[in-house]
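Structure, as structure tokens:
Quick note: the coordinates plus some simple rules give every number you see, no bench work behind them. What you are looking at is a predicted structure, and each value in this text was computed from that prediction instead of being measured. So basically every Cβ, Gly included, is an ideal-geometry build from the backbone, and we count neighbours across all protein chains shown.
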């Protein structure tokens, strides 16, 4: 099992494909096992680095609180261990927060930045509505007869997609061998809630693509607009009719947007 020791933690990672390197940073409570399968399409053109953030999957969870800055530091340590000087970076949801922090604190490590379904945090961000917040609170203690997975699915997919793909999602959930612990989920959530880089976003000086789903209730698309307006030269792409997990609901479109963006960066 590929593990690297970084600071006080061990991080699990995987390498797939060949080409220029693309580091992918997953979201809250999500491990390598839980990535949307769209990454396999990206590995057809790039060397994709997947890893478990601290506290989930096969990575360890240290004592004490977590911070997004600390997780960005761990990510830079992973790059050091893999001898990767610079890389394209795609961060999804909480992973997008880590990606922003990485680009700000370690600008020499990031060639291009792709931010999906995320926020810059702080008082300028747009919070989920009351109904969504209520469903988020049920993740730790789902109602009787309802699984944690079902609560999460209701937050990240549109009802139409969930109805059409429930059997597939149930099968994938049943195949997860390293489920996230309640403690790991809680500590990551606390780190995400304290995140705020709004004032620093104009410091980002790498090509940036910001993506969102128009029906994202978890990270309302207005957050993507804020980020794109704050990062010089950033491009914004909103996928109409898609929810938080737009890389699953609009896989072909999102893969095309991401690969097209990276191709333009490398040509320039």
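Table for the structure above
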quantity: Rounded to 5, percent antiparallel among DSSP beta bridges of segment 6-126; calculated: 25
quantity: Three-way shape label, segment 1-107, alpha-carbon gyration tensor, a/c 1.5; calculated: rounded
quantity: DSSP bridge pairs, the chain: antiparallel proportion in percent, nearest 5; calculated: 30
quantity: Overall form of the chain per C-alpha gyration tensor (a/c, 1.5; a/b vs b/c); calculated: rounded
quantity: Per-residue Cβ neighbour rank within 10 angstrom, fewest leading, 235, 5; calculated: 5, 235
quantity: Sum of -39500 (n - 2.57) over DSSP H runs of 4+, divided by residues of the chain (222 nm, nearest 500); calculated: -11500 deg cm²/dmol
quantity: Relative contact order for the chain, counting Cα pairs under 8 Å that sit 6 or more residues apart, in percent; calculated: 21
quantity: Sorted by Cβ density within 10 Å, fewest first, the residues 16, 46, 83; calculated: 83, 16, 46
quantity: Sorted by Cβ density within 10 Å, fewest first, the residues 169, 152; calculated: 169, 152
quantity: Over segment 1-74, relative contact order from alpha-carbon pairs under 8 Å, at least 6 apart, %; calculated: 37
